[in-house]
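The values are calculated or read from the model by the stated rules, or taken from the named source; none is laboratory data. From a predicted model like this one, the values you see are computed outputs, not experimental measurements. All Cβ positions, glycine included, derive from the backbone under ideal geometry; neighbour counts span all protein chains shown.
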Amino acid sequence: MKVLFNFFYFLAGMITGVTLIQSQAASWYRIQEMFQFGSFQLYGVILSAVVVGMIGVQLLKGKRSLEGAEIKINDKNRTWTRYIVGGTIFGLGWAIAGACPGPTMALIGAGWPGFVVLFVGMILGTWVYGLLRDVLPH
Amino acid sequence: MENILTQLWPWYIAGPILGAMVPLLLWLGNKDFGISANLRHICAMWPGKKPAFFRYDWKGQQWNLWFALGIVVGGYVSGYLYPGDPVDINPVVVERIQSWGASAPQTIVPPELFGAAALASWKVWIYLLLGGFLIGFGARYGGGCTSGHAISGLSALQLPSLVASTFFFVGGLIGAWWILPRLVVWITGGGA
């Protein structure tokens, strides 16, 4: 069963990867266009994704998942420093690299070697956060 | 089929598909859509000494690694087997990008920053590692990336995700208007 579900998650990832490429959400140019307010495309992607996600979450809350666990929403901690500072740092990287983690994986698959280096940078950043976590204000 | 995989999917097709991943993953196994968590799982695979943040059973999060592998394969199919039409963006943006010395869009990303030949330049390595570092560090510090906060967090009406997404955008505007143009000029030597 576990193998079957892992295959389902893999398929869901594949659909996500194809969609990120085909919507050009994975395009460095589209990201720059978004931050320069040049087109509605990526705003539309995020906004319509949230609307669909929101409806789906409301319909499923409290039901049982196929794997068996009850579907529940884990509330995120309400300590604000991390969202403000961490969020800003993430945003800087998002604009500078012109990609976020999902599109980076899709573009590695698409055969762009620069995104392998970008991915290594992401792992380094994650590791350094792990080292500094106890001294950073959250 | 080929046609579908070469043309641009408009936002009202692509957005709902991506948004549907949130309930799909919940329905399959009460899983949270969040791609950058995989960066943490990869760190947790390190067998040697590691910070407490990475000491947990990453194998329990395998589903997300399968999901990430799916993204890579999806990218291979749609980006490598069927590369699409040139990205057609706002001409004002093209002009601005060209003024930094980058090329107008012919491929999904600029080859002078992400292509194999670009990696001959140490400046490109600095650019990529810096960008990646900020993304990885910021995603874990901020508790998620675009998928975890801007899509699944907002879908679940999480106020922290709204704050995080707002500041993704604040950082993004600073990066896009103030830092990136200088970095690209530094790499390419500037435009005409």
Task: One residue from A:ALA99, A:ALA110, A:ALA95 being crowded, with 21+ Cβ neighbours inside 10 Å and more than 7 Å from chain B (Cβ to nearest Cβ) - done: A:ALA99
Task: Every residue from segment A:53-69 that is closer than 18 Å to A:TYR9 by Cβ, in a loop (DSSP other than H, G, I, E, B) and not aliphatic (A, V, I, L, M) - done: A:SER65, A:GLU67, A:GLY68
Open item on the list: Out of B:GLY132, B:GLY84, I need the residue that is small (Gly, Ala, Ser) and either outside any loop (DSSP other than H, G, I, E, B) or in contact with a Gly (Cβ under 9 Å, 6 or more places away or on another chain) (or both). Which one?
Closed with: B:GLY132
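A quick yes/no check of all residues on (1) under 15 Å from the mean Cα position of the chain (by Cα); (2) buried (at least 24 other Cβ atoms within 10 Å of the Cβ); (3) of a type in the set (Ser, Thr, Tyr):
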site	(1), (2), (3)
B:CYS145	yes, yes, no
B:GLY153	no, yes, no
B:SER161	no, yes, yes
B:PHE168	yes, yes, no
Open item on the list: For segment A:11-41, give me the residue count where each residue is surrounded by fewer than 22 Cβ atoms within 10 Å (Cβ to Cβ) and under 15 Å from B:TRP9 (Cβ atoms).
Closed with: 3
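Filter segment B:183-192 down to the residues that are more than 12 Å from B:ARG96 (Cα to Cα) and exposed (fewer than 15 other Cβ atoms within 10 Å of the Cβ), then identify the one that is modelled with the highest pLDDT. Even if it seems obvious, please write down each step before you answer.
At the first step, the residues of segment B:183-192 found to be more than 12 Å from B:ARG96 (Cα to Cα) are B:183, B:186-189.
Checking the rest, the ones that are also exposed (fewer than 15 other Cβ atoms within 10 Å of the Cβ) come to B:186, B:189.
Working: B:TRP186: 97, B:GLY189: 91.
Restricting to residues being more than 12 Å from B:ARG96 (Cα to Cα) and exposed (fewer than 15 other Cβ atoms within 10 Å of the Cβ), the top hit is B:TRP186.
Condition test on A:VAL45, is it out of contact with any strand residue (DSSP E or B) (no Cβ under 8 Å at 6 or more places or on another chain) and more than 7 Å from chain B (Cβ to nearest Cβ)?
Values: out of contact with any strand residue (DSSP E or B) (no Cβ under 8 Å at 6 or more places or on another chain): yes; more than 7 Å from chain B (Cβ to nearest Cβ): no.
The answer is no for A:VAL45.
Conditions tested, residue by residue: (1) hydroxyl-bearing (Ser, Thr, Tyr); (2) under 16 Å from the mean Cα position of the chain (by Cα); (3) within 7 Å of chain B (Cβ to nearest Cβ).
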| position | (1), (2), (3) |
| --- | --- |
| A:SER27 | yes, yes, yes |
| A:GLY53 | no, yes, yes |
| A:GLY56 | no, no, yes |
| A:LYS63 | no, no, no |
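Per-residue answers, yes or no, for (1) among the aliphatic types (A, V, I, L, M); (2) more than 20 Å from B:PHE33 (Cα to Cα); (3) touching a Pro at 6+ places or on another chain (Cβ under 8 Å):
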position: A:ALA12; (1), (2), (3): yes, no, no
position: A:ALA26; (1), (2), (3): yes, no, yes
position: A:ILE71; (1), (2), (3): yes, no, no
position: A:TYR83; (1), (2), (3): no, no, yes
position: A:GLY86; (1), (2), (3): no, no, no
Open item on the list: I need the full set of residues from segment B:66-99 which are in contact with a Phe, Trp or Tyr (Cβ under 6 Å, 6 or more places away or on another chain), modelled with pLDDT of 95 or more and closer than 25 Å to B:THR188 by Cα, in order please.
Closed with: B:ILE89
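Only residues that are over 18 Å from the mean Cα position of the chain (by Cα) and either at pLDDT below 95 or assigned to a helix (DSSP H, G or I) (or both): list them for segment B:18-31, please. Talk me through it step by step, then tell me what you get.
To start, the set of residues in segment B:18-31 that are over 18 Å from the mean Cα position of the chain (by Cα) comprises B:20, B:23-31.
B:ALA20, B:PRO23, B:LEU24, B:LEU25, B:LEU26, B:TRP27, B:LEU28, B:GLY29, listed by residue number.
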Task: Residues of segment B:92-112 that turn out to be more than 9 Å from chain A (Cβ to nearest Cβ) and either of a type in the set (D, E, K, R) or more than 20 Å from B:ILE179 (Cα to Cα) (or both), as a count - done: 3
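Looking only at segment B:37-57, which residues are under 21 Å from A:THR104 (Cα atoms) and either in a helix (DSSP H, G or I) or of a type in the set (Val, Ile, Thr) (or both)?
Result: B:ALA37, B:ASN38, B:LEU39, B:ARG40, B:HIS41, B:ILE42, B:CYS43, B:ALA44.
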Open item on the list: Taking the criterion of being touching a residue at least 24 places away in the same chain (Cβ under 8 Å) and more than 7 Å from chain B (Cβ to nearest Cβ), would at least one residue in segment A:116-137 satisfy it?
Closed with: yes
Task: In segment B:123-140, the residues that are surrounded by fewer than 24 Cβ atoms within 10 Å (Cβ to Cβ) and not charged (D, E, K, R) - done: B:VAL124, B:TRP125, B:ILE126, B:LEU129, B:LEU130
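Of the residues B:GLY60, B:GLY34, B:GLY15, which is more than 8 Å from every other protein chain (Cβ to nearest Cβ) and either surrounded by fewer than 18 Cβ atoms within 10 Å (Cβ to Cβ) or outside any loop (DSSP other than H, G, I, E, B) (or both)? Step through it out loud before you land on a result.
Details: B:GLY34 fails: either surrounded by fewer than 18 Cβ atoms within 10 Å (Cβ to Cβ) or outside any loop (DSSP other than H, G, I, E, B) (or both); B:GLY15 fails: more than 8 Å from every other protein chain (Cβ to nearest Cβ).
Answer to the check: B:GLY60.
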